[in-house]
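Right, one structure below, let's go through it.
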Amino acid sequence: MTNFALATTTKIGIVGAGAMGAGIAQIAAAAGHTVRLLDNREGAAAQAIEGIKAQFIKMSAKGKMTPDAAQAASARLLPACAVAELADTGLVIEAIVENLDVKRKLFLELEGLCGSECIFATNTSSISVTSIAAVLAHPKRLVGMHFFNPAPLMALVEIISGLATDPQLANALFDTAKAWGKTPVYAKSTPGFIVNRVARPYYSEGLRLLTEGAGDCATLDAIMREAGGFRMGPFELMDMIGHDVNFAVTCSVWNAFFNDSRFRPSLIQQELVDAGFLGKKTQRGFYDYAPDAVRPAPQTASACVAPSDIKIFGSSIAATNLAERLKSAGVAFQNSSANDDRIAQISDVVFFETDGRSATQRAHDTGIHKLVLTDIALDYSKSTRMAIAVAHQADEKTKEAATGLFQAAGYTVSVLNDVPGMVVMRTVAMLANEAADAVNQGVCDAAGADVAMRLGVNYPRGPLAWADEIGVVTINTVLSNLAQFYGEDRYRISPLIQQAVYAGRTIHD
């Protein structure tokens, strides 16, 4: 297979010596390229280069580079004082302010200086590559090359083609990113590209659950970490990113998609931004980060008596793992069968895994008043927390019996206020739905969507691979029930998921 990676003899120009620009410069220099770093702030490029050299020294001390390699890479870093000093480069990557007019002005100037073979790349995270390139005499030479912060550590690079981008140049930057030790994925220039588009439901569904009173921030975060397997819950993650930044990206994607309800911003987050409660950087967001602040604990059910007369039904992942955990804990149960999809039963208390209906609606639909719903988990055998919801028709003893069952299986239990779709299932279904729409619209392929979300935002599993494991029929059912309950276009089902259901195949088939 032909490799189109730029030779290490190709000089690289980087405009912008902030965190992203400096990080990209470090990567390119370590890969063997001479790098000229330019910034319009006096002394910023030289200062950034000193910082990069210090990183190379640290890497050498840790055995990640030889001393000779560190010295050679440092020698390849050169500060530039003017755009004209980039005239002999073969690739210029801009990492400047997210402003369309400023980026266009830069590339117009570069087009008048650099040779016709020089490739232009933008590290934009949100602006249309097509729009940036539109003012150029040769828009085909502009490609999106979106690194993630911190660039030296994050593996993902989105290679984004605008409407006029030359596919051969996109291929060249794809292979160059691989040569630099990164994992590139192809994307089409649409709002948010892959990661910033597909990630929106992680925040928006968390905010929606908070708005509806499903639980507090600490509880919802704990469920997403301890059951969903995500490194951070949505609220602590938004606090870390900064609500000004996160809200701005959400608004940008929402506006770019002509106010599609799927991307609608949250009033809760707008209130935080208006108040100046931007998260960690202002010491207050969803959580209080003052030095003397006490982090709130997730709502956890008090200890309940382990029930007797436990029956486990069927061979679903949830039922099988519950049986294995009970067996490991020495808790007796019986295997049984039923003509519905219940996973467990204690006397007349019946357990189902969520299908997108609330426990209360499902109790109404089935006539089973003592009905309890369970959320899903990334890995039932390793998860430490289980979220449950109890139908409003049930009594307090139903909740106690349900709590006791899962505590006996070794789970910490969080009892949610009853909302459709629970927490993990609802969020994963919406992430998968958005990823499926991106694939269906030709933004990327299924493998690229999964890689992008695992490497770009550290999801424990690609959303489409996760959907295949849960089952596309189940995902389709969850989304359909959410759409029916809310009556909103927000939960419309991607054609790709529907077609997979009709064809009886997985999304990756």
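Just so it is clear, none of the values below were taken in a lab; they were calculated from the coordinates. Just so it is clear, the model here is predicted, and its values are computed rather than measured. Because the Cβ atoms are built from the backbone with ideal geometry, glycine has one as well, and the counts that use them run over all protein chains shown.
Which whole number of Å³ per residue matches the convex hull of the alpha-carbon atoms in the range 310-416?
Convex hull of Cα atoms, per residue: 90 Å³.
Pull the list of the chain cysteines that no other Cys approaches to under 4.7 Å, Cβ to Cβ.
Cysteines of the chain left without a disulfide-compatible partner: C81, C217, C251, C304, C444.
Excluding A22 itself, what net charge comes from residues whose Cβ is under 12 Å from its Cβ, given Lys and Arg +1 and Asp and Glu -1?
Within the 12 Å Cβ shell, the charges total -1.
Among 27-33, 172-178, 426-432, how do they line up by average Cβ neighbours within 10 Å per residue, starting with the highest?
The densest-packed peptide leads the list: 426-432, 27-33, 172-178.
Could you work out the Kirkwood radius for the range 112-158, taking every pair of different alpha carbons, averaging 1/r and inverting it, reported in Å? List each step's numbers first, then the result.
Working: mean 1/r = 0.0843 Å⁻¹.
When all Cα pairs of the range 112-158 are included, the Kirkwood radius is 11.9 Å.
What does the helix-only formula give at 222 nm for the chain: each DSSP H stretch with n ≥ 4 adding -39500 (n - 2.57), the total divided by the residues, and the result rounded to the nearest 500 deg cm²/dmol?
Helices in the chain give a 222 nm mean residue ellipticity of -13000 deg cm²/dmol.
Short version: ³J(HN,Hα) in whole Hz for each residue of the range 237-252, in order, from phi by Karplus 6.51 cos²θ - 1.76 cosθ + 1.60 (θ = phi - 60°), x for Gly and Pro, what are they?
In residue order, the calculated couplings are 5, 4, 4, 6, 5, x, 5, 4, 5, 5, 5, 5, 5, 4, 5, 5 Hz.
Show the residues, 5+ positions off or on another chain, whose built amide H is closer than 5 Å to the amide H of L163.
T130
Would you mind checking which residues have amide H under 5 Å from A80's amide H? H placed 1.01 Å from N; only 5 or more apart, or other chain.
L37, L38, D39
Between 0 and 90 degrees, rounded to the nearest ten: what's the tilt of helix 100-113 against the longest Cα principal axis of the chain?
30
For the range 142-247, give me the percentage of DSSP beta bridges that are antiparallel, rounded to the nearest 5 percent.
Just about 40 percent of them are antiparallel.
Show me 140-149, 412-421 ranked by packing, highest mean number of other Cβ atoms within 10 Å first.
Ranked by mean Cβ neighbours within 10 Å, highest first: 140-149, 412-421.
Taking H as built 1.01 Å from N, whose amide H comes closer than 5 Å to the amide H of E94, not counting residues under 5 places away?
Amide H neighbours of E94: V15, A121, T122, N123.
Tabulate in residue order the Karplus-calculated ³J(HN,Hα) for the range 181-188, using 6.51 cos²θ - 1.76 cosθ + 1.60 with θ = phi - 60°, rounded to whole Hz; enter x for Gly and Pro.
With the stated coefficients, the range 181-188 comes to x, 9, 10, x, 9, 7, 8, 9 Hz.
What net charge is computed for the residues neighbouring W466, neighbours being all others with C-beta under 12 Å from the C-beta of W466, Lys and Arg scored +1, Asp and Glu -1?
Details: positive: R454, R461; negative: D379, D450, D468, E469.
Here the charged neighbours net out to -2.
Sort W466, W180 so that the residue with the fewest other Cβ atoms within 10 Å of its own Cβ comes first and the one with the most comes last.
The fewest-first ordering by Cβ neighbours comes to W180, W466.
Just rank F313, F485, fewest to most, by other beta-carbon atoms within 10 angstrom.
F485, F313
In whole Å, what three semi-axes, largest first, describe the equivalent ellipsoid of the range 432-503 built from its Cα gyration tensor (square root of 5 times each eigenvalue)?
They are 21, 13, 12 Å, listed from largest to smallest.
What are the extents of the Cα atoms of the chain along their three principal axes, listed from largest to smallest and rounded to whole Å?
79, 51, 47
When DSSP beta bridges are limited to those with both residues in the chain, what percentage is antiparallel, rounded to the nearest 5?
Restricted to the chain, the bridges split so that about 30 percent are antiparallel.
Counting other beta carbons within 10 Å of each residue's own, what order do Y287, Y502, Y491 fall into, fewest first?
The most exposed by this proxy come first: Y502, Y287, Y491.
Rounded to the nearest 5, what is the percent of antiparallel bridges among the DSSP beta bridges in the range 355-509? If you can, show how the numbers build up before the last one.
On the way: 3 of 8 bridges.
The antiparallel proportion sits near 40 percent.
What list of ³J(HN,Hα) values in whole Hz, one per residue of the range 358-373 in order, does the Karplus curve 6.51 cos²θ - 1.76 cosθ + 1.60 (θ = phi - 60°) give from phi, with Gly and Pro shown as x?
With coefficients 6.51, -1.76 and 1.60, one gets 6, 4, 5, 5, 5, 4, 5, 5, 9, x, 9, 6, 8, 10, 10, 9 Hz.
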